[in-house]
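Just so it is clear, none of the values below were taken in a lab; they were calculated from the coordinates. Note that the structure is predicted; figures quoted are calculated from it, not measured. Virtual Cβ from ideal backbone geometry, glycine too; neighbours counted across all protein chains shown.
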Amino acid sequence: MCESGDEAEWIRAAQAGDRAAFALLVERYWDRLYRWLYQLTRDRHAAEDLTQETFLKALSALGSFRPGSNFKAWVYKIGHNNFVNQKRAERRTRVPLPDDLPGSEGIEAEGSAESREALEAVSRAVAELPPDFRAALMLRVEQGMPFRDVARVLKTTEETARWRVFKARQKLMQVLSPEVLPPGKSATE
Amino acid sequence: MNCQTIQNRVLALPDPRLLPDPLREHVNACPGCLAWWKQAARIERILAELPVPPAPADKKTALLQELSGPVIHTVPAIERRSFATRFWSVPAVRTMAGLAAAVLFAVGGWLMIRPGPGSPNIQAKPSSDPFLERIVQRDLALAQARTADQRLDVLGSLAGDLSTEAQSLSKIANPEELRDLSGMFQKVVNDGIVEQARKLPEHSLTQTQKKELLNRLSQKLLDAGRQADEAARESPPHAQPALKTISETARDGQTKLKAILGA
Amino acid sequence: MLRLGSTMLIGLALAAWAGAQAPPRAALSAAEQLRLHRANRLLLADLVDRGIDLGQASHPVDRAEACRKTARVLGVALLQAADANDADRVAELGGHLEMVIRDGLVPMLDRAKRDIHPQSPDAVRLKAVQDSAVSDLDGATSALPAKLAEQPNIREVLGKLGGLRDKIK
């Protein structure tokens, strides 16, 4: 059975009250959603809280999900709403918990052709992007979502989603010139 | 097509690493664009593999366990209304609840009339902040309030606390600090008081009770606005904007509450 | 029954309101007042935001979550005070945290547990709130340096917080 077939079955079962089926959906999407929400919040505690809140809301609102439509985009949309609500409610100048201070985020370069410094440089540049651009960019590039679904998640038009990704890439190209971006571990390109 | 146009088209692709033929032809023929494209492709690749720190508290496992494990609650699924009714119908429970209420009143009364800070029994710790304590108490009162109207009353008091603190600090705090306080006051009035007054459930209060509540809140805002105006007259210029914000927010809040009452 | 319930609620509200009547400003010098305000500026802003959330939430689980976040804000501030080796502040914030959990969060969780069907999605949400509250509390208390934790006023608060941990679950 193909992946989308499995997922459709899990959703049907979850909507009928099968919590174990919902657990399979959590297993499938938790890590990916956490990664994206981390890019938005830059705070692993906040990202984890938001991820949990998203799945709990999804569980409560399962009845409103239309079978056959894009479940991933639906969950991510809930996640983005939670993020926006949290941003509205909380002060941005709040000091993060001590183990989230800069330098202690545990960025590792294992398995990557890139050096730790290059990864950190790009990570910092992404963090500097306006939140709307960052959200769209990471949905497209890191999560592999088509522009149509990026638009759904961010509650905008496909044209605006494309534009945000374009502007984000343009900004990164300006900031991460070859002189600024440290060379990779290997010389192959 | 010039190079800038080509580069913009590359950035607009779903994946800049995968060039359609027309763009690829130009990039291969143009050294500047080729170097530029290699950088764009490299950034795209790095973006796709940016590491993130692990989640701190393993809430995923906790949620999965909760979803997959057996339901462990031992209380039988009794329909809650009948349980509450049965609980309160027991005479001993009603007696104890009455006694508890009496104790609460006594405690509340004592707290109201207890000696002030001049008394030798009360010793303020050097670093404890009375205003912080007050705000924590307000949050606690909001947590304990069972109904929307009770919460509104506490929000009204919270707004008053913030206005008083701003006035108190108006001669000594810097403009940014005062702006923060006026910003908090605005949030409490607009997002707290006015918004919750709009959302008061229809059946929760009689028209008279609603009128009394909104008039009470209006009065609190009126007092806060007047005090801010008075403080502004005696405060240095840098404090004026924040106090003016408080005063205007209070007046605006009153207007909105009147409109809600009239609706 | 309704009158009795109302009486208790009025008593609770009265006690909470009376408790909020903190000592007047005259006890502090202007310099001290400003110093304390600056030390607590971010915390105050967070607590006001949490207060607005508590004012907005009506569902029992949402209210419990809002109260948990209030407690968390105090826990974060407590850890920051510990990092700064400020024992008095740790004790002060520990006291506030204890009060919010004891008088706010625990009763809310108990009430929510009574009101919610154990197999509903809300029960899953409530369990998540409880787990998060315990995790927050553990995070705030276990990270205190031993030297601070051994001071009598802090040890007392930590003891009380430890006792509340089981009540949250």
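Nearest 20 debye, what's the magnitude of the dipole of region A:1-97 about its Cα centre given +1 on Lys and Arg Cβ and -1 on Asp and Glu Cβ? Intermediate results must be reported in sequence, preceding the final value.
Details: 16 positive and 12 negative charges, 128 e Å.
Charge dipole of region A:1-97: 620 debye, to the nearest 20.
Sorted by mean Cβ packing within 10 Å, highest first, what order do the peptides C:42-53, B:240-251, C:156-167 take? Before the final figure, lay out the partial values.
Numbers: C:42-53: 23.6, B:240-251: 21.2, C:156-167: 15.2.
Highest mean packing first, the order is C:42-53, B:240-251, C:156-167.
Sort B:9-16, B:185-192 by packing, meaning the average of other beta carbons within 10 Å per residue, with the highest value first.
Output ranking for B:9-16, B:185-192: B:185-192, B:9-16.
How big is the gap, in Å, between the Cα center of region C:74-137 and the Cα center of region A:34-85?
Measuring centre to centre over Cα atoms gives 23 Å.
Name the residue farthest towards the positive end of the dipole of region A:1-97 from the options A:I11, A:G68, A:W36, assuming +1 on Cβ of Lys and Arg, -1 on Cβ of Asp and Glu, about the Cα centre.
My answer, from the dipole projection, is A:W36.
Averaging over every viewing direction, what projected area does the convex hull of the Cα atoms of region A:109-179 cover, in nm²?
On the way: hull surface 20.0 nm².
Its average projected convex-hull area is 5.0 nm².
Looking only at other chains, what is the average number of their beta-carbon atoms within 10 angstrom of each beta-carbon in C:33-44?
Numbers: counts 8, 7, 2, 7, 11, 4, 3, 4, 7, 5, 6, 11.
So the per-residue partner count for this stretch is 6.
So what is the relative contact order of region C:17-169, in percent, for Cα pairs below 8 Å that sit 6 or more residues apart?
Values: 122 pairs, mean separation 39.4, N = 153.
Taking the mean separation of contacting Cα pairs over the length of region C:17-169, I get 26 percent.
Using a 10 Å cut-off around each Cβ of peptide C:121-132, what is the average number of partner chain Cβ atoms that fall inside? Could you put the intermediate results ahead of the total?
Details: counts 11, 3, 3, 10, 9, 1, 8, 10, 2, 1, 8, 7.
Rounded to a whole number, the mean comes out at 6.
Once you average over the residues of B:10-18, how many Cβ atoms of partner chains fall within 10 Å of each Cβ?
Numbers: counts 3, 8, 7, 4, 8, 3, 3, 0, 0.
Per-residue shielding by partner chains comes out at 4.
Could you tell me the number of lysine pairs in region C:63-169 with C-alpha atoms less than 24 Å from each other, where the two lysines are 8 or more residues apart or belong to different chains?
Taking region C:63-169 as the scope, the lysine pair count is 14.
Going by average Cβ density within 10 Å per residue, which order do the peptides A:32-38, C:117-123 take, highest to lowest? Each step should come with its number before you reach the end.
Details: A:32-38: 22.7, C:117-123: 16.6.
Final packing ranking: A:32-38, C:117-123.
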